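A short write-up of the structure that comes next.
No value in this document is a laboratory result; all are computed from the given coordinates. Everything numeric in this text was worked out from a predicted model, so none of it was measured. With ideal geometry, Cβ positions are generated from the backbone for all residues, glycine too; neighbour counts draw on all protein chains shown.
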Amino acid sequence: MYDVWKNALAEIEQQISAANFSTWFQDTSLISTADGNIIIGVKNSFYVKQLRNRYLDIIKIALKNNNITVNQIDFEVKTNTKPKTEPHEVINTRDTIKEHIKTIRNINSSTIANGLNQKYTLDNFIVGSNNDLAVSAAKSIIAAPGTRYNPFFLYGGPGLGKTHLVQAIGNELLKNNPNFKIFYTPISHFYSDFIDAIQNGKGREFNRKFEKLDCLIIDDFQFIVNKEKSQEEFFNIFNDLYQLNKQIIVTSDRLPSQIKTVDERLATRLTWAGAFDLQLPKFEDKCAILKAKAELMGAEIEPEAIEYIAENINTNIRDLEGELSTILLMSDVRGMTPLELIKNGSVSVNKSSKIRPTSPKQIVEKVAKYYGLTTKELCGKSRVTNIKSARQVAMYLLSKELNLSTNKIASEVGVKDHTTVMHGIKKITNDLKINFTLRDQIEEIKEKIYG
Ligand code: ADP
Ligand code: MG
């Protein structure tokens, strides 16, 4: 195994720059090749993203050249220093990686009991037009828990800061009153612990653990779908705590009424005190976040470089952070400033660097099939609503997944005019903001494309 990987690495080294090779491949290992399912060991989750986005094909070819069958490549983080509750740590520059891991270790020892991770504070949560209402509600909760904003319901898409903000509330509450009993848990842990408790005949004890709390924080509530018994248990705990004026905080990627199989009474109660959302940051917000993050890392970055990243990342704050870290790390390795790297094309912060292996044909086929149409129907002239919207979904995915030009998309889906494509993509982009069924459908289609 060791020799195979050594040979593959030697081949990879020939194909990429020395700096990139030492940055991304130095601490990798080959864990398994069984049945063509390749598992590569890496230092931390940051490397997974980079290797997957940039080097998957190179790795595949190098392994094949060494007579290894490759069906699928997965990465495994070979460290146990990650905090249980947060898989998305940010790695700063190379010099600070060791520091970072040390901090995570320290934090880890103090997170087990209450689920809080001290790295999330209100101080390092940047306030902008995308989150100011939620932050001001958070501040009133910190000042007077269990009163006005109870329960506090916070929702928004992935990577927009839900976990950060609710963890920060928990940390601040604890700072103000060290005796405060707080418990943070993702709903998935809540129900797996609940099932364990029931199986071991400890259902009552499980419930009692929650009764004593001053503040309960439940993250990613949307995963309660189809977990009826756990939902019932949560509803009971919710009512008990609420009656005692204990603070309840719940996050979700959507409103309770938009989560399938959520009890209507529970859905209403969760938003009794209002629902606060976190939105995508606007250009100015993105710049402010990047600037603050760079400062926190003690890294130098030119305003133009910040603007360049802000203009090109339109997904979420997690991705903003990821790109910033990549650029700072590269800047450190190469001894060039971030702007120099951008100008000479060493880093390309754009959608194309995230392209995953698929083809236009495959996207069109999968979309058609998903909506029960033939490719011919989807690419035909019909203006029947369901066919038209399936066609628009195909346009949207061709643009987002393959970064094709609107002219190219027009020819793929059989429309004459590229403005029809522009309109179609815009329509789906807008619908996605409010239509959660569509969001789910597009996720399912993507799974079918890549799965
Ligand atoms: P979510 O739980 O909504 O998926 P997270 O809370 O995990 O998102 O946020 C993703 C990343 O972005 C985290 O590293 C978090 O610290 C960072 N982040 C999000 N919003 C902000 C903000 N307003 N200021 C600073 N960092 C933020
Ligand atoms: Mg989260």
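More than 42 angstrom separation, counting every C-alpha pair in the chain; what % is that?
23 percent
If you find the alpha carbon centre of the range 361-414 and of the range 1-57, how far apart are they in angstrom?
That distance is 36 Å.
Using the beta-carbon distance between Q15 and Q441 and R0 = 25 Å, what value does 1/(1 + (r/R0)^6) give for FRET efficiency, to the nearest 0.05?
0.05
Along each of its three principal axes, how wide is the spread of alpha-carbon positions in the range 283-343, in whole angstrom units, largest first?
The Cα atoms of the range 283-343 stretch 28, 23, 17 Å along the principal axes, largest first.
With θ set to phi - 60° and the Karplus curve 6.51 cos²θ - 1.76 cosθ + 1.60, what are the ³J(HN,Hα) couplings of the range 191-201 in order, to the nearest whole Hz, using x for Gly and Pro?
Coupling constants for the range 191-201: 6, 5, 5, 5, 5, 4, 4, 4, 4, 9, x Hz.
Taking only the C-alpha atoms, wrap a convex hull around the range 132-277 and report its volume per residue in Å³ as a whole number.
Once divided by residue count, the hull of the range 132-277 is 99 Å³.
Can you work out ³J(HN,Hα) from phi for every residue in the range 242-252, in order, using Karplus 6.51 cos²θ - 1.76 cosθ + 1.60 and θ = phi - 60°, giving whole Hz and x for Gly and Pro?
4, 5, 8, 6, 8, 6, 10, 10, 9, 10, 7
Would you pull out the residues with amide H under 5 Å of Y184's amide H, same chain only if 5 or more places away, H placed 1.01 Å from N?
Under 5 Å from the amide H of Y184 lie the amide H atoms of G115, L116, I217, each far enough along the sequence or on another chain.
Could you work out how far the C-alpha centroid of the range 117-150 sits from that of the range 278-300, in angstrom?
18 Å
Given only helices, namely DSSP H runs of n ≥ 4 each adding -39500 (n - 2.57), what is the per-residue ellipticity at 222 nm of the chain, to the nearest 500 deg cm²/dmol?
The helix-only estimate for the chain comes to -17500 deg cm²/dmol at 222 nm.
So, counting K/R as plus one and D/E as minus one, what does the shell of residues with Cβ under 9 Å around Y191 add up to?
0
Below 21 Å, Cα to Cα, which lysines can K227 reach? Residues fewer than 8 away in the same chain don't count.
K202, K209, K260
Please list, in order along the range 417-429, the HN-Hα scalar couplings obtained from phi with the Karplus expression 6.51 cos²θ - 1.76 cosθ + 1.60 (θ = phi - 60°), rounded to whole Hz, x for Gly and Pro.
10, 6, 5, 4, 5, 4, 4, x, 5, 5, 4, 5, 4
Check each of the trypsin sites (Lys or Arg not before Pro) in the range 383-451 and keep only those in coil by DSSP with at most 16 other C-beta atoms within 10 angstrom; list them in order.
Here the trypsin sites (Lys or Arg not before Pro) that fit, given the DSSP loop and packing criteria, are R383, K416.
Taking a ≥ b ≥ c as the square roots of the eigenvalues of the Cα gyration tensor of the range 360-450, is the shape rounded (a/c under 1.5), prolate (a/b larger than b/c) or oblate?
Because its axes are fairly even, with a/c under 1.5, the range 360-450 counts as rounded.
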